[in-house]
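Right, one structure below, let's go through it.
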Amino acid sequence: MLELTQPMYVAGLILIFTFLGIFTEHFHGIDRAKFAMAGAGAIIVAGQIYGFYSPSLAIDAIDWNVVFLLGIMMIIVSIMISTGGFEHLANTLANISGGHQFKLLVLLGTAVTVISLLLDNVTTVIIFGPLIILICQRMKVSPIPYLLASALLSDTGGVATLVGDPPNLMIGSVAGIDFNTFIIHMGPPVLLAWLGILLAMKSLFAKELSQTAAVVEQKDVHFTNKRLWHKCLFVLFVMVVLFIFHHHIGWQPWLVAAACLTLLLFMSKHIELEGVTQHLETPLLMFFISLFIVIGGVEHSGLLQVLGQQFKPIIVEQPLIAALILLWVAAILSALIDNIPFTAAMIPVLAGLQQEGVNVSVMWWALAMGVGMGGNGSHIGSTANVYIVTISERLARNKGQPELAITPGLWVKKGTPAMLITLIICSLFLWLGYDYLFIDL
């Protein structure tokens, strides 16, 4: 039985204060990246004092695969946005719907979900949020069902792939799960959850969606650079193919993305690197780097090993029960706080058990589903949710119509039930598909 030591207590306190600062960002208004940076500095100093951590170990603790992949995908997305291709796509879907609101909801929801398979959910809603408002204004219908659905479906779609959501990148990188394995095992529950959310939206917004929309033929949206858009689509296709085979050729996902970005830059020699790199979300990358350093310090203190030993009996003796508990705990916490810190804290615990020979494959899937689906539980459950709520509030102010704002109360009435439906679906999938999810990693 491992005993707690003074270095463990110190590391634990630093972790607690860092996470408290991160989780209460909406109250004190200080960016979470700043607290992560402060925690990283504190854990390095404490580690040097007590002899369990050092600057070199801190650098080794950073998962550069995650950091590089996020940064590279941000650049690729900024290039795609500049072409006008996403506006053209949204305009086409509005025309196809013919004024049928639920049909439009399904079309836009499908587009958001598919794009979320490769791009992170925040980027997806940043692209589609303003477009949804524009389309709804032209059709003279409420944008609330579509905005809420875009947030819910972007969070859900991202669970299906290794690169669709930052927690997935973190899990896959540590657990050694490749792109194919991830989508094969997470694709089915995500598909079921996707159907569940669409049906939930149809029921929860039955009154709004039943209203007749103004059938206004949307004007053609002209590409700002149609050739570049087609080149981007070709590069994305190449990227998907390489993601599928990356495990066989020995390339990590970040290298696949880097190779494809390089290919795109040479195919379009007029792209200015200085311009596209301005869209890098530097605070998010700094947050990840600092968080990895904090968790690395706590792990080196031995605290996570002690925690892992506490969970080991139930995981070994009752793995299905343990997976269901983790699914719901991860979901509830992710609905209340950001899912990335919780994922970062759980990964070393499960990784330690895996190194001891315990098969925790089902636990990895439960964690991915829990933090992904759980983000739909509240208006602050994910960054994508916060963005959608923000633009709805801005629209309500500009129009002088308070009913256009997605309030916390509205989210509880419409979004939380959808989240609970997806969790029930995932729980049934864990229970009935346990043997399917139980694999050797």
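The values are calculated or read from the model by the stated rules, or taken from the named source; none is laboratory data. Please read all numbers here as calculations on a predicted model, not as lab measurements. Backbone-built Cβ (ideal geometry, glycine too); neighbour counts: all protein chains shown. With ligands, DNA and RNA removed, areas are computed over all heavy atoms of the protein, side chains included. Shrake-Rupley method; radii C 1.70, N 1.55, O 1.52, S 1.80 Å.
Does ALA46 count as farther than 14 Å from PRO166 by Cβ, in contact with a Gly (Cβ under 9 Å, 6 or more places away or on another chain) and either open to solvent by less than 70 Å² (accessible area, probe 1.4 Å) or not β-branched (Val, Ile, Thr) (or both)? Yes, satisfied. Taking each residue of the range 410-437 that is under 17 Å from ALA149 (Cβ atoms) and among the small types (Gly, Ala, Ser) and looking for partners that are open to solvent by 10 Å² or more (accessible area, probe 1.4 Å) and not in a helix (DSSP H, G or I) with beta-carbon atoms closer than 8 Å, six or more apart or interchain, yields GLY415/SER378; GLY415/HIS379. Counting only helices (runs of 4 or more DSSP H) that sit completely within the range 147-218, those holding 2 or more residues that are more than 16 Å from LEU104 (Cα to Cα) correspond to 166-175, 179-204. Would you say LEU367 is over 18 Å from the mean Cα position of the chain (by Cα) and either surrounded by fewer than 24 Cβ atoms within 10 Å (Cβ to Cβ) or under 29 Å from MET170 (Cβ atoms) (or both)? Against the criterion (over 18 Å from the mean Cα position of the chain (by Cα) and either surrounded by fewer than 24 Cβ atoms within 10 Å (Cβ to Cβ) or under 29 Å from MET170 (Cβ atoms) (or both)), LEU367 does not qualify. Being under 22 Å from THR282 (Cβ atoms) and surrounded by fewer than 21 Cβ atoms within 10 Å (Cβ to Cβ), is that true of even one residue in the range 10-20? Checked against the condition, which is being under 22 Å from THR282 (Cβ atoms) and surrounded by fewer than 21 Cβ atoms within 10 Å (Cβ to Cβ), the range 10-20 yields no hits at all.
Candidates PHE35, PHE52, PHE128: the one that is at pLDDT 80 or above and touching a Gly at 6+ places or on another chain (Cβ under 7 Å) is PHE35. Just to be sure, is SER210 among the small types (Gly, Ala, Ser) and within 21 Å of VAL112 (Cα to Cα)? Answer is no for this residue. Touching a His at 6+ places or on another chain (Cβ under 8 Å) and assigned to a helix (DSSP H, G or I), is that true of GLY47? Considered against the rule, which asks whether it is touching a His at 6+ places or on another chain (Cβ under 8 Å) and assigned to a helix (DSSP H, G or I), GLY47 comes out as yes. Screening ALA94 with (1) surrounded by fewer than 20 Cβ atoms within 10 Å (Cβ to Cβ); (2) part of a helix (DSSP H, G or I) gives one miss only, at (1).
If the requirement is being among the small types (Gly, Ala, Ser) and over 18 Å from LEU153 (Cα atoms), which of these qualifies: ALA405, ALA368?
Working: ALA368 fails: over 18 Å from LEU153 (Cα atoms).
Among ALA405, ALA368, only ALA405 is among the small types (Gly, Ala, Ser) and over 18 Å from LEU153 (Cα atoms).
Checking each residue in the range 394-415 for being part of a helix (DSSP H, G or I) and open to solvent by less than 30 Å² (accessible area, probe 1.4 Å) picks out LEU395, ALA396, LEU404, TRP411, GLY415. Set side by side, the residues PHE237, PHE266, PHE288, PHE245 differ, and just one is of a type in the set (A, V, I, L, M, F, W, C) and touching a residue at least 12 places away in the same chain (Cβ under 8 Å), which is PHE288.
To keep it simple, each residue is scored yes or no on (1) over 18 Å from HIS379 (Cα atoms); (2) open to solvent by 10 Å² or more (accessible area, probe 1.4 Å); (3) of a type in the set (Val, Ile, Thr); (4) not in a helix (DSSP H, G or I).
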| site | (1), (2), (3), (4) |
| --- | --- |
| VAL114 | yes, yes, yes, no |
| LEU118 | yes, yes, no, yes |
| ILE127 | yes, yes, yes, no |
| GLN137 | yes, yes, no, no |
| VAL141 | yes, yes, yes, yes |
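Do you know which residues across the range 116-154 are without any contact (Cβ under 8 Å) to a residue 24 or more places away in the chain and under 30 Å from ILE244 (Cα atoms)? Within the range 116-154, none qualify. Going by the conditions given, is ASP120 closer than 30 Å to GLN354 by Cα, charged (D, E, K, R) and at pLDDT 85 or above? So ASP120 does not fit the description; no.
Listed conditions (1) modelled with pLDDT under 90; (2) touching a helix residue (DSSP H, G or I) at 6+ places or on another chain (Cβ under 6 Å); (3) part of a helix (DSSP H, G or I); (4) open to solvent by less than 30 Å² (accessible area, probe 1.4 Å) are all met by THR83, apart from (3).
Apart from one condition, GLY296 fits all of (1) closer than 22 Å to SER173 by Cα; (2) open to solvent by 10 Å² or more (accessible area, probe 1.4 Å); (3) modelled with pLDDT of 85 or more; the exception is (2).
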